[in-house]
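Encoded as structure tokens, the structure appears first; notes follow it.
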Amino acid sequence: MKKTAFVTGANKGIGFEIVKQLGEAGWKVLLGARDAERGKAAVSELTSKGLDVVFVQIDMGDLKSIEQATDTIDKNYSDLKLLINNAGMPGAFSRSFMDTKEEDLRNAFEVNFFGTFRLNQRLFPLIKDNEGTIVNVSTDMASLDHMQNAERTLNAFDYNSSKTANNAMTLSMAYEVKNSRAQVFAVTPGFTTTDLNGNSAGGKSKEAAAAIIVSYATDGKRHNAEFLDEKGVYAW
């Protein structure tokens, strides 16, 4: 019997590749996207390749949209086994603390933290009951250890801090399933060339980044409360 996964922010980039790779591995995948037209086009492309993919409209900055998406999943896909929270936005990618504007900070938190919080809180009971997995996609720059010790990094306080808060949420959720078979963990794919960073040169491909996330999500190992990069456990 096929297992069901839900991937947010999946009409393009890393999210699209995650859906594709899960579909190729035999999963039924719910492709979450804010823009219905783009989301349905992505689904058509994948289903034309024989993959089992269904569109679910979800705007991570809109509570009503999140509620509608989770209602759909509860009613029609109650066997949900895997949630990959890939959706995110860069904020203004401020270059320093002093350049950070409160509006940009709030915008980054609204999607990267509060939107993910709302979705997680609504699907957490279902995943827990199904002994499933939640993966919160993170970034190297969410790591306080990295920000303290890296020789060079992007000090984008708006984006970074929203993802650090997301990491804290990951640990809070993981604590509540530590005595069950369900698990919650975070993965950073590392610097990847995507629209989020203006397709900056020098990053890994979207396919390679997605493969890191999919590998940890489906390897059958216990990763609860871990923060992982391509080499293994990464410092919080």
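The values are calculated or read from the model by the stated rules, or taken from the named source; none is laboratory data. Since this is a predicted model, take the numbers as computed values, not measurements. Cβ sites come from the backbone with ideal geometry, for glycine too, and all protein chains shown count toward neighbours.
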Search result, residues across segment 136-160 that are farther than 21 Å from I212 by Cα, outside any loop (DSSP other than H, G, I, E, B) and of a type in the set (A, V, I, L, M): L144, M147
Condition first: free of Cβ contacts under 8 Å to residues at least 40 places away in the same chain and either of a type in the set (S, T, Y) or assigned to a helix (DSSP H, G or I) (or both). Now tell me which residues in segment 2-30 satisfy that. V19, G23, E24
Any residue at all in segment 202-209 that is crowded, with 18+ Cβ neighbours inside 10 Å and modelled with pLDDT of 95 or more? yes
Suppose the filter is surrounded by fewer than 22 Cβ atoms within 10 Å (Cβ to Cβ) and basic (K, R); does K20 pass it? no
One residue is enough: does segment 139-161 have a residue meeting the conditions within 25 Å of D71 (Cα to Cα) and either buried (at least 16 other Cβ atoms within 10 Å of the Cβ) or of a type in the set (S, T, N, Q) (or both)? no
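For segment 87-114, which residues satisfy the criterion of being assigned to a helix (DSSP H, G or I), of a type outside the set (D, E, K, R) and touching a residue at least 24 places away in the same chain (Cβ under 8 Å)? Quick ask: steps written out before the conclusion?
Filtering segment 87-114 down to residues assigned to a helix (DSSP H, G or I) leaves 102-114.
Cutting the leftovers down to of a type outside the set (D, E, K, R) gives us 105, 107-109, 111-114.
Across segment 87-114, the qualifying residues are L105, N107, A108, F109, V111, N112, F113.
Any residue in segment 31-43 that is crowded, with 20+ Cβ neighbours inside 10 Å and assigned to a loop (DSSP other than H, G, I, E, B)?
The first filter runs over segment 31-43 and keeps only residues crowded, with 20+ Cβ neighbours inside 10 Å, leaving 31-33, 39, 42-43.
Of the ones still in play, those that are also assigned to a loop (DSSP other than H, G, I, E, B) are none.
Taking every residue of segment 31-43 in turn, none turns out to be crowded, with 20+ Cβ neighbours inside 10 Å and assigned to a loop (DSSP other than H, G, I, E, B).
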Taking the options R181, R222, R122, name whichever one is of a type in the set (D, E, K, R), within 17 Å of the chain's Cα centre (by Cα), farther than 23 Å from E103 by Cβ and surrounded by fewer than 19 Cβ atoms within 10 Å (Cβ to Cβ). R122
Per the list (1) of a type in the set (A, V, I, L, M, F, W, C); (2) on the phi < 0 side of the Ramachandran plot; (3) at pLDDT 95 or above, residue check on A225 breaks on (2)
Identify the residue in segment 66-86 that is assigned to a helix (DSSP H, G or I), in contact (Cβ under 8 Å) with a residue 24 or more places away in the chain and not aliphatic (A, V, I, L, M) and, among all such residues, is farthest from Q121 (Cα to Cα). D74
Answer with yes or no whether K178 is modelled with pLDDT of 95 or more, among the basic types (K, R) and not in a helix (DSSP H, G or I). yes
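I want to confirm something. Restricting to segment 51-65 and keeping residues that are in a loop (DSSP other than H, G, I, E, B) and of a type outside the set (A, V, I, L, M, F, W, C), which single residue is nearest to A25 (Cα to Cα)? I'd like the intermediate steps shown before the answer.
Keep residues of segment 51-65 that are in a loop (DSSP other than H, G, I, E, B), which gives 51-52, 58-62.
Pick out the ones that are also of a type outside the set (A, V, I, L, M, F, W, C) and you get 52, 59, 61-62.
Details: D52: 10, D59: 27, G61: 30, D62: 31 Å.
Applying the filter and picking the extreme gives D52.
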